[in-house]
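For reference, the structure is listed below as structure tokens.
The values are calculated or read from the model by the stated rules, or taken from the named source; none is laboratory data. Computed from a predicted model, the values in this text were never measured in an experiment. In this analysis, Cβ positions are derived from the backbone assuming ideal geometry, glycine residues included, and neighbour counts consider all displayed protein chains.
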Amino acid sequence: MIINKKSYLEESEIIDFTNKSIKALAQELSFNTSSKEEIVKNCFEYVRDEIKHSGDYKIDKVTCKASEVLEAKTGWCFAKAHLLAALLRANSIPTAFCYQRLSCEEYKENLFSLHGLNAVYLEKFGWLKIDARGNKKEVDAQFIPPKEKLAFELNENEFDLGVYYSNPLDIVIKALKANSSYNQMINNMPDFKSTI
């Protein structure tokens, strides 16, 4: 499959990988590695394990921009995907944004929301989805190519949007910028239906 790698390597206001802290961390995570796969694993595990998922920890700070996520060490799944994309793109690894529509009953009854994750393009494997939202009981996302081990298995009423976006969805950015607390986010989660 031929892809336009350039659009999956670009910097933007949200994926601000020339930020000093992001550049330094991207270099640190790629130091002494011998393959792109090792770099992906290091970056993935850093974001998965060192950046707290705001929903899991009920953190009253909503981050959006990659550099904000790194500075605050917290973010919703979408924001964590922004940071992971920035770290990988800083290492010249094509990185996309992917979304699933999930039931979020753990937060609120009858709540559906988009869930943000990434995909990376590696010559050896093609596109591989990775989900750095953060592990917890019953969530065990890993980077074990060529297998994809994501945070959630889709239930009957859930689905994958099936697109590798080069930029985060506008509806996601709006939600992260418009809400400033855990409760506000829970009551205004971005949902695919509201984009139609």
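I need the full set of residues from segment 45-69 which are charged (D, E, K, R), crowded, with 19+ Cβ neighbours inside 10 Å and assigned to a helix (DSSP H, G or I), in order please. Arg48, Glu68, listed by residue number.
Taken over segment 1-47, the criterion of being in contact with an Asp or Glu (Cβ under 8 Å, 6 or more places away or on another chain) and not polar (S, T, N, Q) is satisfied by Phe17, Ile22, Lys36.
Looking at segment 157-166, is at least one residue within 21 Å of Lys136 (Cα to Cα), of a type outside the set (S, T, N, Q) and touching a residue at least 24 places away in the same chain (Cβ under 8 Å)?
yes
The single residue among Arg101, Arg133 that is of a type in the set (D, E, K, R), at negative phi, part of a strand (DSSP E or B) and in contact with a His (Cβ under 8 Å, 6 or more places away or on another chain) turns out to be Arg101. May I ask you to verify whether Thr33 is of a type outside the set (Phe, Trp, Tyr), within 22 Å of Glu148 (Cα to Cα) and surrounded by fewer than 19 Cβ atoms within 10 Å (Cβ to Cβ)? It is true that Thr33 is of a type outside the set (Phe, Trp, Tyr), within 22 Å of Glu148 (Cα to Cα) and surrounded by fewer than 19 Cβ atoms within 10 Å (Cβ to Cβ).
Name the single residue that is surrounded by the most Cβ atoms within 10 Å (Cβ to Cβ) among those in segment 13-30 being touching a residue at least 12 places away in the same chain (Cβ under 8 Å) and of a type in the set (D, E, K, R). Among those that are touching a residue at least 12 places away in the same chain (Cβ under 8 Å) and of a type in the set (D, E, K, R), it is Asp16.
If you go through segment 132-180 and pick out every residue that is in contact with a Leu (Cβ under 6 Å, 6 or more places away or on another chain) and either under 20 Å from Lys65 (Cβ atoms) or among the β-branched types (Val, Ile, Thr) (or both), you end up with 1. Selection of segment 104-127 for residues being without any contact (Cβ under 8 Å) to a residue 24 or more places away in the chain and part of a strand (DSSP E or B) yields an empty set. The residue that is farthest from Tyr99 (Cα to Cα), among those in segment 115-158 that are surrounded by 13 or more Cβ atoms within 10 Å (Cβ to Cβ) and basic (Lys, Arg), is Lys149. Restricting attention to segment 145-196, the residues being assigned to a strand (DSSP E or B) and either under 24 Å from Glu10 (Cβ atoms) or modelled with pLDDT of 95 or more (or both) number 5. Applying the criterion of being free of Cβ contacts under 8 Å to residues at least 24 places away in the same chain and of a type in the set (Phe, Trp, Tyr) to the residues of segment 31-70, the residue that is nearest to Ser12 (Cα to Cα) is Phe31. Could you please let me know if Glu28 is more than 14 Å from Tyr182 (Cα to Cα), out of contact with any helix residue (DSSP H, G or I) (no Cβ under 8 Å at 6 or more places or on another chain), in a helix (DSSP H, G or I) and modelled with pLDDT of 95 or more? Judged against the criteria, Glu28 is a match.
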